[in-house]
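Only one structure is covered here, and it is reproduced in the block below.
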Amino acid sequence: MASDSVIEIRGLTKTYGAGRKATLALSQLDLTVKRGEIFGYLGPNGAGKTTTIRLLLDLIRPSAGSAKIFGLDIRADSVEIHRRIGFLPGELNLWEGRTGEQIINYVASVRGDSRGIVKHADELAERLDLDTSKRVRDLSSGNKRKLGLVISMMHSPELLILDEPTGGLDPLVQQTFHEMMDEYRAKGKTVFLSSHVLSEVQAICDRVGILRDGEVKAVESVDKITTVDFHWVDVVFRDSLPAGLPQQLERISTITDVSTNGARVRMRMVGDFDPLLRAISNGYVEMLHIEEPSLEEIFLAFYSGDEEPAK
Amino acid sequence: MTGIVIRNTLRTSWKQILYWGVGLGALGLYIDFIAMSPDIISGYADILKSMPPAMLKAFGVSGIELLTTPEGWIVSVFVAEAAIFLSVFAVLAGLNISANDEQSGVMDVILSLPISRAAYLLERWIGFALIGLGVVVLCALITLAGIIGMNVDAPLDVILKSILNLYPAALLVMTVTCLLATALRRRAVAVGVSAAFVVVSYLFNALGAAASGAIADFMTGVSYFSYVEGEAFVIGAYDPIDSVIVFAAILIGFVLSLRTFVSRDIGI
C-alpha cells in the first residue's frame, strides 16, 4: 500500500441475505482515500454509503474483497484501527438515560488517556455549544448530533469517518463544523464523509466519490468535477430581448435549455462563449451571469444513467 | 480485557442488585416468618399429606417430613420460588449483555471503539454475572438475617448453601439467553425462547420427579432445575458433580455465544 493512502478498498462486495432474497448492497468497490484529504462519499439513500462505512468499521463482514486502513486489515486489526479513528454513525443512538458527560467519560475510558480526551471533549462541546450535563433523552436531534461529533473527535483521531454528519445541525453549527474540518485538513488528518448534501461536500471536500446502486461511478477532485465543461448563462437586457433571440440561441448547437423571463434569458452552454456573444450583440446587455454547474446537477447527470457526467 | 466495560456495567446496573436482592429477600423474610411457627408449617404439612406423593413431587416437595422442619420448609418453598424469580432476572440480564444495545443501535458506537467484540461480550457477561451474584448474596443475607432475628430454629449453613446454589442456575439462564440473543438477533424471539427454556425445564423437572422410568429420568436429567435443588443440602444429598455439570453447560453456552457474536454482522 502506498504510504499516503489511509483507506484502500479493493473489490469490496457485500450481499445481504442468501438465495433468492439476496440483495447486493455493494459491488466490487475500489477506492483509495489519501492522507490529509477530506473525501466526500456521495450517493442517495440505499446507494451503499452506510454499508461501506460499516464494512470499514468491521461492524459487518464483506462477502468478497478486502480493505485496509492505515495499511491494517479491517478485520484482523480492527481494534488497532478503531484506536486511531473516530466514527459518527448516520443514525446515532446513544444510551438514552445517561448524560452526555457520562457517555463522554465512558468512551474516553475505553479509549484510554481519559483525562486528556475529556478535556478536549469539553473544548469541543463548548465550541459546538453543547450542554453535556443533560440526559440523551432530553437532547434535541441536533444536540444529539453534536454529542456524536464530540465523541468522534475528542481523541483527535487520525481518520474521521462521518456518516451524514450535519443532519439536524443548524446553519451556524454547520459553519463551525466546516471550520473544524478545515482545521483537520490543516493538521494533515483525513476525513471520510458520506453525504447527500452536495453543497456541503462542495464546501469542505477535496475529492468526491459518487456511488450508485452499490457501485462507484466516479471519483474526482471537487475542483475538477465543478469545472465540468458546461455553464449556466443568464443574460439580462436593459429594455427587452432582441427580436428572435431565443430562436437564434436554439440554433446554436452548443446551447440548450433556453428559457426567457421578461428581459432575461437563461441557457445551458457548452464550450466557447463566442457564438453566444455574437448572438446577443444586437441588444444592450445589462448583466451577464455565468454560473458553474452545481454538484447537484453533476450528481443528477450521474444518476441519469450515463456513465459519464453530462457535458 | 481492561475491565472498563465490567466497571461501567456495574456502575450503570448496580441498582438491580438492590431491587432484585431486596425483593427476593422480602420473600425470604415472609417464608422465615411462617417457619417461625412450627404449628403453621405442620398445618401446611397436614394439608399436603392429602395430596398424592407424585403430585407433591411435581410441586418440588420430595417428602412431607421435609416440610415439617423449618429448614426443610424454607428450602422447599422459598428456594423453589426464588429459582423462578431469579430466572426472570437472568433472562433480563442475558438480554442486557448485548441484545438491548444491538437492537437500540448503541452497539455501532461501542464496537467502533478500540475493544474487540469478544472482550466486550466477555466483560458484559462478567459484569452481569457479578450483579447476579450480588442479587443472590443480598437475598441470602436478608433471609439469614430473618432467621436470626425471628429465632427460627434452622441451620444457617444449610440455608445459605441452598440459596447460593441458585446462582449457577441463574448464570445458566443468563448465558442461554445471551446465546439465543446473539444467534437469533431478535430480542423478542430470544425472550420467548428463553422463557420457554425455563418453563419447559421446570415442567420436565416436576413431571420427571413425579413419575418413574426412562422417560421420567430423561426429563429430569435435561432440566437444569434438577441440578440446583436446595433440598439436597437439607437431606445431605448434595453432589458437587451437579454443580460441575451446570458450570460446564454455562461455559459451553458462553463459548457458543462468543463465536456467534464475533463472526456475524452486527445490527442487521
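Before moving on, here are some points about what is shown:
- Qualifying position, being in contact (Cβ under 8 Å) with a residue 60 or more places away in the chain, outside any helix (DSSP H, G or I) and of a type outside the set (Gly, Ala, Ser), among B:Ile84, B:Ile126, B:Ile115: B:Ile115
- Just one residue in the set A:Arg264, A:Arg251 is surrounded by 14 or more Cβ atoms within 10 Å (Cβ to Cβ), over 30 Å from A:Ile210 (Cα atoms) and at pLDDT 90 or above; that residue is A:Arg264.
- Counted residues, segment B:203-227 - those being buried (at least 21 other Cβ atoms within 10 Å of the Cβ) and farther than 21 Å from B:Ala90 by Cα: 3
- Filtered residues of segment A:155-203 (kept if basic (Lys, Arg), outside any helix (DSSP H, G or I) and touching a residue at least 40 places away in the same chain (Cβ under 8 Å)): A:Lys189
Residue by residue, here is whether (1) at pLDDT below 85; (2) in contact with an Asp or Glu (Cβ under 9 Å, 6 or more places away or on another chain); (3) not charged (D, E, K, R) holds:
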position	(1), (2), (3)
B:Gly28	no, no, yes
B:Ile47	yes, no, yes
B:Ala58	yes, no, yes
B:Leu66	yes, yes, yes
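- Residue, farthest from the other protein chains (Cβ to nearest Cβ), within segment A:52-82, restricted to residues that are surrounded by fewer than 18 Cβ atoms within 10 Å (Cβ to Cβ) and not in a strand (DSSP E or B): A:Gly71
- Scan of segment B:108-122 for residues that are of a type in the set (Gly, Ala, Ser) and more than 8 Å from chain A (Cβ to nearest Cβ), ordered by number: B:Ala118, B:Ala119
- For segment A:181-198, filtering for residues that are of a type in the set (A, V, I, L, M, F, W, C) and more than 15 Å from the chain's Cα centre (by Cα) leaves 1.
- For segment A:12-32, taking the residues that are among the hydrophobic types (A, V, I, L, M, F, W, C) and farther than 17 Å from A:Ile74 by Cβ, the one that is surrounded by the fewest Cβ atoms within 10 Å (Cβ to Cβ) is identified as A:Ala18.
- Of residues in segment A:33-51 being modelled with pLDDT of 90 or more and assigned to a strand (DSSP E or B), the one surrounded by the fewest Cβ atoms within 10 Å (Cβ to Cβ): A:Lys34
- Test: residue in segment B:140-155 that is at pLDDT 95 or above, under 27 Å from A:His155 (Cα atoms) and part of a helix (DSSP H, G or I): no
Let's see how each residue does on (1) in contact (Cβ under 8 Å) with a residue 24 or more places away in the chain; (2) over 21 Å from B:Ser87 (Cα atoms):
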position: B:Gly192; (1), (2): no, no
position: B:Ala206; (1), (2): yes, no
position: B:Ala214; (1), (2): no, yes
position: B:Gly221; (1), (2): no, no
position: B:Glu229; (1), (2): yes, no
position: B:Val234; (1), (2): yes, yes
position: B:Ala237; (1), (2): no, yes
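- The set of residues in segment A:107-133 that are among the hydroxyl-bearing types (Ser, Thr, Tyr) and either under 26 Å from the mean Cα position of the chain (by Cα) or crowded, with 17+ Cβ neighbours inside 10 Å (or both) comprises A:Ser109, A:Ser114, A:Thr132.
- B:Val244 vs. criteria modelled with pLDDT under 85 and not polar (S, T, N, Q): no
The values are calculated or read from the model by the stated rules, or taken from the named source; none is laboratory data. These numbers come from a predicted model, not from an experiment. Glycine also receives a Cβ, built like all others from the backbone with ideal geometry; neighbour counts cover every protein chain displayed.
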